[in-house]
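The values are calculated or read from the model by the stated rules, or taken from the named source; none is laboratory data. Keep in mind that this is a model prediction, so the values were computed, not measured. We place every Cβ from the backbone using ideal geometry, glycine too, and count neighbours over all the protein chains shown.
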Protein chains: 2
Amino acid sequence: MKLTSKGRYAVMALADLAKFDNINPVSLRDISLRQGISLDYLEQIFSKLRKNEIVQSVRGTQGGYILKKKAKDIKLTNIFDAIDEKVKTVQCKKESKKSCNGKSTKCLTHNLWDELENHINNFFKEKSLEDLVKDNIERRI
Amino acid sequence: MKLTSKGRYAVMALADLAKFDNINPVSLRDISLRQGISLDYLEQIFSKLRKNEIVQSVRGTQGGYILKKKAKDIKLTNIFDAIDEKVKTVQCKKESKKSCNGKSTKCLTHNLWDELENHINNFFKEKSLEDLVKDNIERRI
DNA sequence: ATAAACCTGACTAAAATAGTCAAGTATGAA
DNA sequence: TTCATACTTGACTATTTTAGTCAGGTTTAT
Ligand code: FES
Ligand code: FES
């Protein structure tokens, strides 16, 4: 059970963006250098973040990205949804009435994994980008 | 972020074992048939469960496995530890002072992932095999 | 004896991940 | 206008992980 780099990078990059977000947009190049993430990979990630209205791009010289909403209103769950980083604990299709082993009733553990999925998603629903930035400021003092 | 089949199978097999655990040991063959899990794969999993004292083996004809502790005292966390199914959310080595991107201080998101890891592990520490079996009995009524 | 069932280690196909690479397009500034 | 910067897109690929399979045992109740 592990988090992928894509998810980690997306949040890390947005945290960086939120931190350095003044009047000027932040270039992916800067984020790449500061956070040590491949520029090409960042571009893939930000393409999805833009399509899902988490960030807004500013083209041209001195261009870059800015947050499209307030940091307070961007929850981790929005970020993960945007980049297709899903929490998947059950094996079966949830809607289908078939169990993961092909039988007609749900398997012995189905409910358990479903509970786990909710437990994890609750965490993502609560945490916002703002929480993250605040935590970093506090640590620095 | 997903659960592996190994983890899923281990818990499913132990739930089956707890459910059918009478005086007689339960053979992997039976579990394999009932739960639709490859016998060879089950053997790998049970080898670890035995070494970690979750189950006890009974060799010979009519042999099989029995739980080594009460279902109440077997938490999911014990099972996952036994089979090396780890929850890994941070990228860096926790002990090391280096961050995941090679810098000397922890990255912007380190604390967040660490919180998430605790959040998930708390779930595993609370749930026992007994909870699982109970849930299934209730559903059946 | 023999068959059932545990036990072990090595091997491998398939899938997912974590990127790289190439070839653009748009725009602000000199 | 020209140029550099930076976004944009899509295809490609090496690496790693996963989810098993396979072969060859050993133990023990009957
Ligand atoms: S996980 Fe849904 S039926 Fe097994
Ligand atoms: S996850 Fe620990 S430093 Fe980045």
**Prompt:** Across segment A:99-137, what is the total count of residues that are within 14 Å of B:Tyr9 (Cα to Cα) and of a type in the set (A, V, I, L, M, F, W, C)?
**Reply:** 5
**Request:** Hey, can you tell me all the residues within segment B:1-33 that are in contact with a helix residue (DSSP H, G or I) (Cβ under 6 Å, 6 or more places away or on another chain) and more than 21 Å from B:Phe124 (Cβ to Cβ)?
**Result:** B:Val26, B:Leu28, B:Ile31, B:Ser32
**Request:** Sort out which residues of segment B:8-36 are modelled with pLDDT of 95 or more, more than 7 Å from chain A (Cβ to nearest Cβ) and within 14 Å of ligand 1 (Cβ to nearest atom), and write them in order of number.
**Result:** B:Tyr9, B:Ala10, B:Ala13
**Of residues in segment A:84-124 being buried (at least 17 other Cβ atoms within 10 Å of the Cβ) and of a type in the set (Asp, Glu), the one modelled with the highest pLDDT** = A:Glu117
**Prompt:** Conditions: (1) more than 16 Å from ligand 1 (Cβ to nearest atom); (2) of a type in the set (S, T, N, Q); (3) modelled with pLDDT of 90 or more. A:Asn136 meets all but one. Number of the miss?
**Reply:** (3)
**Prompt:** In segment B:83-130, how many residues are of a type in the set (Lys, Arg), part of a loop (DSSP other than H, G, I, E, B) and facing chain A (nearest Cβ under 8 Å)?
**Reply:** 3
**From A:Ser38, A:Ser47, residue being among the hydroxyl-bearing types (Ser, Thr, Tyr) and out of contact with any helix residue (DSSP H, G or I) (no Cβ under 9 Å at 6 or more places or on another chain)** = A:Ser47
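Does B:Asp114 satisfy the condition of being within 24 Å of the chain's Cα centre (by Cα), charged (D, E, K, R) and under 18 Å from A:Thr89 (Cα atoms)? Before you say what the answer is, go through the steps one by one.
Values: within 24 Å of the chain's Cα centre (by Cα): yes; charged (D, E, K, R): yes; under 18 Å from A:Thr89 (Cα atoms): no.
In short, no.
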**Prompt:** Which ones in segment B:4-45 are within 13 Å of DNA strand D (Cβ to nearest atom), surrounded by 15 or more Cβ atoms within 10 Å (Cβ to Cβ), outside any helix (DSSP H, G or I) and touching a residue at least 24 places away in the same chain (Cβ under 8 Å)?
**Reply:** B:Pro25, B:Ser27, B:Ile37
